[in-house]
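All of the numbers you see were taken from the coordinates with simple rules; none came from a lab. Model, not experiment: these values are computed from the prediction. FYI the Cβ positions are ideal-geometry reconstructions off the backbone, even for glycines, and counts take in every protein chain you see.
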Amino acid sequence: MPELPEIETIRQDLSRDIVNKKIKLVAVSNGRSVRRHKSAKEFRDRAEGRTIKSVGRLGKYIVCTLDNGDNLVMHLGAHGQFFRTKSAKEAKLKHTHVVITFTQGGELRFVDTVSFGEMFISSPPPVDQPVVVRSTAAFALGGEGDLTRKSVPELAHLGFDPMEDQMSWERFAVALRTRSDSIKTLLLDQQFVAGVGALYADEILYSAGLHFDRTPESLSTTEVRRLFRALVEILAEAIKQRGSSLADGVYVDFTGKSGNYQNFHEVYEREGEACRRCRKPILKVKAVSQDTFFCDRCQI
DNA sequence: CAAAATTCCTGACTGC
DNA sequence: TGCAGTCAGGAATTTT
């Protein structure tokens, strides 16, 4: 369940920790975690001996640029976790599928109970075959996300990233008008906006004072602005708080510490508790094939 | 024809 | 104890 704020927290920590470290060994114990490759050996061969030059992010993907120009791309899926360990001796958690050992010592372990997550090595496209961006990101060219998208073809389909791309509320309004789905469906659609999942979608809609079922055509200009502002501000605040850790224990950073943003949730996992704005109990319904938490008085 | 709905992958957990 | 059902992110496939 990690979403953009949790992934960004991990990216920041990794960036401080593994940049300029050299990958000595890669051990894959579950081939499903590297399923885009023909074999685990191919993944290992392309990673071993490489030095990590930078750690970026697009949506829920972490992108490590290597010294040969390739990118090591990592996605946590629904239950994936990273753990940084000082030595190989530390006990291995169940479902540890990939272990990266650095020349300078220490390991980065990828633990993923259901193996919905993945890791793969991607090469930038040849100059005569540039990536064509067809998603909503085409409305937000010029940012950091644009560079990532163009060097990792596998991520070109992702919509704009609210933190990495140069989107404005006016261009967001244009992108919105191309779609007829409900606004919650759109927030969850990675090809519309990259990085938002069920938790932040509900928090964003509460903050914007909008009901999950509203459609883009029904939104006034003021409401579109409120939605865009909530999208950017909720994610930014959640990053400041190092993401949300729920009772399920799925999200912790790679040292095992929880985030703080769960203490600021207005609706998510607050069914029956009083809305902090109007005191009416928060509701939970099935919508967009998922649980949706909202206040039916404050969100119209 | 596109958009919407369903399926698939896997393991943890819930309820009977 | 066991067994059916549910859930999760995203891609692929099927149905509408």
Taking amide H positions as placed in the peptide plane 1.01 Å from N, state which residues far from A:Lys53 in sequence (5 or more) or on other chains have amide H under 5 Å from it. A:Asn20, A:Thr65, A:Leu66, A:Asp67
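Based only on other Cβ atoms within 10 Å, what is the fewest-to-most ordering of A:Thr113, A:Thr222?
Least to most surrounded, the residues fall as A:Thr222, A:Thr113.
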So what are the radius of gyration and Dmax for the Cα set of segment A:13-67, in Å? 11.9, 32
Only helices counted: for chain A, with every DSSP H run of 4 or more residues adding -39500 (n - 2.57) and the sum spread over all residues, [θ] at 222 nm is -8000 deg cm²/dmol
³J(HN,Hα), Karplus 6.51/-1.76/1.60, whole Hz, each residue of segment A:139-156, x for Gly, Pro: 7, 9, 6, x, x, 5, x, 4, 5, 4, 4, 7, 9, 10, x, 5, 10, 5
A correct Karplus calculation of ³J(HN,Hα) over segment A:258-264, with 6.51 cos²θ - 1.76 cosθ + 1.60, θ = phi - 60°, whole Hz and x for Gly and Pro, returns 7, x, 10, 5, 4, 6, 10
Within chain A, what percent of beta bridges assigned by DSSP are antiparallel, to the nearest 5? 95 percent
Interchain or sequence-distant (5+) residues whose placed amide H lies within less than 5 Å of the amide H of A:Ser29 are A:Val98, A:Val99
Angle check, please: helix A:4-18 long axis (alpha carbons) against the longest principal axis of chain A (alpha carbons), in degrees 0 to 90, nearest 10. 30 degrees
Any idea what % of Cα-Cα pairs in segment A:141-300 are farther than 23 Å? 40 percent
Residues A:Glu217, A:Glu154, A:Glu8 arranged by fewest to most Cβ contacts within 10 Å: A:Glu217, A:Glu154, A:Glu8
List, in order, the whole-Hz ³J(HN,Hα) value for each residue of segment A:269-279 obtained from phi through the Karplus relation with A = 6.51, B = -1.76, C = 1.60 and θ = phi - 60°; use x for Gly and Pro. 6, 10, 3, x, 7, 6, 4, 5, 8, 10, 6
Go through A:Lys41/A:Lys89; A:Lys257/A:Lys284; A:Lys86/A:Lys257; A:Lys60/A:Lys240; A:Lys60/A:Lys150; A:Lys60/A:Lys184 and tell me which ones have a Cα-Cα distance over 21 Å in this structure. A:Lys41/A:Lys89; A:Lys257/A:Lys284
Can you give the net charge of the other residues whose Cβ lies under 12 Å from the Cβ of A:Ala140, counting K and R as +1 and D and E as -1? -4
Based on the alpha-carbon gyration tensor of chain A, what equivalent-ellipsoid semi-axes (square roots of 5 times the eigenvalues) come out, in whole Å, largest first? 35, 23, 15
Using the number of other C-beta atoms within 10 angstrom as an exposure proxy, rank A:Ser33, A:Ser122 with the fewest first. A:Ser122, A:Ser33
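Provide the FRET efficiency to the nearest 0.05 for the A:Lys280-A:Leu246 pair, computing r from the beta carbons and using R0 = 22 Å.
Details: r = 23 Å, r/R0 = 1.06.
Approximately 0.40, to the nearest 0.05.
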